[in-house]
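Take this structure, written in structure tokens, and hold onto it; I'll ask about it next.
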Amino acid sequence: AQSVTQLDSQVPVFEEAPVELRCNYSSSVSVYLFWYVQYPNQGLQLLLKYLSGSTLVESINGFEAEFNKSQTSFHLRKPSVHISDTAEYFCAVSDLGWGGSYIPTFGRGTSLIVHP
Amino acid sequence: NAGVTQTPKFRVLKTGQSMTLLCAQDMNHEYMYWYRQDPGMGLRLIHYSVGEGTTAKGEVPDGYNVSRLKKQNFLLGLESAAPSQTSVYFCASTKTDTNNEQFFGPGTRLTVL
């Protein structure tokens, strides 16, 4: 079974500083990788995804993540964070389940706290 | 499009009571999922459905039942609620499982006393 590890439960950072949220997963055979963001009292929304092709993927609001197959990682980065980036971030990995469907497994989440 | 909606938004139950959570999507998605979110645990899959009339167990199915009688609706039932089921429940849907980008509802906060 797939497991997803988000190494930091909480990451405090000052505004305009760079940040990296780490994600590692257990199985590297034919996976799809995602980062979701959850703002307080809301559902999750997709931030970015890796399906195939270029290993570096970007979001519209300045986040990027790099798929590293050899290290089974999909770390999320932003060169300069804003107060509005304060949220919970979830890494998710989809692989082929026993029923023949791709089933997602989520990490436990990383709380990004941006201080002024 | 409303996307994915969930009713109710909040509910308080007593131990042993039953209830049904409703998830509806208007995107004609085939796949639908129910998750629970607990502090420090991330999202855990309860049940999912790969199409109308089909359901399958996820990681934590015990104490829950589901039904997918219509493609747009996915119901989650608690037959006899327990305090351990106090959680925030999220429904999600995807068009297919190939790229599996999930669209989430706003959540239902359930407290079992």
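Just tell me how shielded B:39-47 is by partners: mean number of partner chain Cβ atoms within 10 Å of each residue's Cβ, no decimals.
Neighbouring Cβ atoms belonging to other protein chains average 4 per residue here.
So which trypsin sites (Lys or Arg not before Pro) in the range B:22-91 end up in coil per DSSP with only 16 or fewer other C-beta atoms within 10 Å?
The qualifying sites are B:Lys70, B:Lys71.
Once the Cβ-Cβ distance between B:Lys70 and B:Ser18 is put in as r, and R0 is 30 Å, what FRET efficiency do you end up with, to the nearest 0.05?
The computed FRET efficiency comes out at 0.90.
Give, as a single signed number, the net charge of other residues whose beta carbon lies under 15 Å from the beta carbon of B:Gly107, with Lys and Arg counted +1 and Asp and Glu -1.
+3
By the scheme Lys and Arg +1, Asp and Glu -1, what is the net charge of all other residues having a beta-carbon under 11 Å from that of A:Leu56? Don't skip to the end; give the middle numbers.
Details: positive: A:Arg77; negative: A:Glu58, A:Glu64, A:Glu66.
Surrounding charge for A:Leu56 is -2.
Shielding by partners for A:33-44, please: the mean number of other protein chain Cβ atoms within 10 Å of each residue's Cβ.
Working: counts 0, 4, 0, 5, 0, 5, 0, 0, 5, 4, 15, 10.
Per residue, the number of nearby Cβ atoms from other chains is 4 on average.
OK, next. May I ask what percent, to the nearest 5, of DSSP beta bridges between residues of the protein assembly as shown are antiparallel?
90 percent
Hey, another quick one. Just to confirm a number: summing +1 for Lys and Arg and -1 for Asp and Glu over residues other than A:Leu33 whose beta-carbon lies under 12 angstrom from that of A:Leu33, what do you get?
-1
Readers should treat all values here as calculations from the given coordinates under stated rules, not as data from a laboratory. In this text, all values refer to a predicted model and were calculated from it rather than measured experimentally. Glycine also receives a Cβ, built like all others from the backbone with ideal geometry; neighbour counts cover every protein chain displayed.
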